[in-house]
Amino acid sequence: MSYPNIKLSRLRSHETFRTLVRENTLGLDDLIQPLFVYHGENIKHEIPSMPGQFQFSVDNLAEQARLLFNKGIKSVLLFGIPAHKDPQGSDTWDDEKGIIQSALRVLRQAVPDMALITDVCFCEYTDHGHCGILTKRNGRKVIDQEGTLAKLALQAASHARCGADMLAPSGMIDGAVGVIRETLDGLDFSHVPIMSYAAKYASSFYGPFRDAAEGTPQFGDRRTHQMDPANSDEALREVALDIEEGADIVMVKPALAYMDIIRRIKDSFALPTAAYNVSGEYAMVKAAAKQGWIDEKSIVLEILTSLKRAGADLIISYHASEVADWMQ
Ligand code: PBG
């Protein structure tokens, strides 16, 4: 049977029919808002390439988190920009003075029910801007993978001690998930889940984030550890390894150019899958909207709903806060 007996437009003819048969819906409980925590006091710097996103000092962060929570965004992903950078990124394991640790203590008090997820990496904390400590191999500076794992354990333990609800290792360092899981379990934090940046591509879509987090590599790039955008099977291998090492949620990043990867992972592993709608994706929408070339609200809702259709269960997006405003 075909047309005129079958007319798929029949169920599109009424708004209520459309909602009755809708396959995917976007809710505020799908969204995580990234926040940039800056050293110092009374700071609220707008990030030029990410209009509407700010670097907040710890004192201003609590207010921002409260606003988010009250309008329905109940999880945040924290990125720190420390006062002091060194070759090892030692701010990351400083329980007392570390930027993330200070933020965790304040947020824990201010918004006790907010889910506090921390980015676990080194690029914002090292003076060279790489995602781990360095060594020399054949005269070239490279990431010391083994050495970095030991430092990741210190960082993860410190975040957990200071109140992180979930850890999100983002460095694509082989073995990181396993080492973090083992560390947490050894310290009575076996209840703390890990969201792994499992399929993270060496992408140009991170440009604005590197301004925001001040984590641009001072030499070279991240192609020795982040994935080649040309690859897809390899993403499944990355995810399989991270699951074996104990990842509870796996992430695909960036989101828009990688929706096929989200779908393959969701179909292959059927576990909670996150999409990171990254800084460059946000910046492009903001720039076009500012020109009046697109309708921002409908574009953003279309993008985020499409990520759910692609198979994402949760979405990290700089638009989360605005989506909450639109859904009030
Ligand atoms: C690394 C990290 C990056 C992003 C999140 N975590 C940058 C990178 O890998 O260079 C990018 C996020 C974005 O672009 O929004 N700590």
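Evaluating Ala213 against the criteria (1) open to solvent by less than 30 Å² (accessible area, probe 1.4 Å); (2) in contact with an Asp or Glu (Cβ under 8 Å, 6 or more places away or on another chain); (3) more than 10 Å from the ligand (Cβ to nearest atom) leaves one unmet condition, (3). Exactly one residue among Phe79, Phe36, Phe54 is closer than 24 Å to Ala275 by Cβ, crowded, with 17+ Cβ neighbours inside 10 Å and without any contact (Cβ under 8 Å) to a residue 24 or more places away in the chain, and that residue is Phe54.
The stretch 84-197 holds strands (runs of 3 or more DSSP E) entirely within its bounds, and those carrying 1 or more residues that are within 14 Å of the ligand (Cβ to nearest atom) and surrounded by 16 or more Cβ atoms within 10 Å (Cβ to Cβ) map to 115-120, 140-143, 166-169.
Out of all the residues in the stretch 145-192, which are among the polar types (S, T, N, Q) and touching a residue at least 24 places away in the same chain (Cβ under 8 Å)?
Scanning the stretch 145-192 gives Gln145, Thr148, Gln155, Ser158, Ser170, Thr183.
Looking across the stretch 126-144, just one residue is more than 18 Å from His225 (Cα to Cα) and in contact (Cβ under 8 Å) with a residue 60 or more places away in the chain, and that is Asp127. Would you confirm whether or not the stretch 2-18 contains a residue that is away from the ligand (no atom under 16 Å from the Cβ) and in contact with a strand residue (DSSP E or B) (Cβ under 7 Å, 6 or more places away or on another chain)? No. Considering the conditions (1) assigned to a loop (DSSP other than H, G, I, E, B); (2) among the hydrophobic types (A, V, I, L, M, F, W, C); (3) touching a Pro at 6+ places or on another chain (Cβ under 7 Å), Ile73 is excluded by exactly one of them, (3). Would it be correct to say that Asp221 is open to solvent by 10 Å² or more (accessible area, probe 1.4 Å), under 27 Å from His39 (Cα atoms) and either near the ligand (Cβ under 8 Å from one of its atoms) or not aromatic (Phe, Trp, Tyr) (or both)? Yes: the conditions hold for Asp221.
Note on the stretch 291-307: among residues that are outside any loop (DSSP other than H, G, I, E, B) and away from the ligand (no atom under 16 Å from the Cβ), the one that is surrounded by the fewest Cβ atoms within 10 Å (Cβ to Cβ) is Ser298. Of all residues in the stretch 1-46, those being under 24 Å from Leu167 (Cα atoms) and of a type in the set (Phe, Trp, Tyr) number 2. When each of Ala255, Ala288, Ala310, Ala275 is tested for being open to solvent by less than 50 Å² (accessible area, probe 1.4 Å), farther than 17 Å from Asp29 by Cα and within 16 Å of the ligand (Cβ to nearest atom), the lone residue that passes is Ala255.
Take the residues in the stretch 313-327 that are crowded, with 20+ Cβ neighbours inside 10 Å and part of a loop (DSSP other than H, G, I, E, B), then tell me which one is farthest from the ligand (Cβ to nearest atom). Once the filter is applied, the top-ranked residue is His319.
The values are calculated or read from the model by the stated rules, or taken from the named source; none is laboratory data. Remember, it's a predicted structure, so these values are computed and weren't measured experimentally. Every residue, glycine as well, gets a Cβ built from its backbone with ideal geometry; the counts of neighbours run over all protein chains shown. Areas reflect the complete protein model, heavy atoms only, side chains present, ligands, DNA and RNA absent. Shrake-Rupley method; radii C 1.70, N 1.55, O 1.52, S 1.80 Å.
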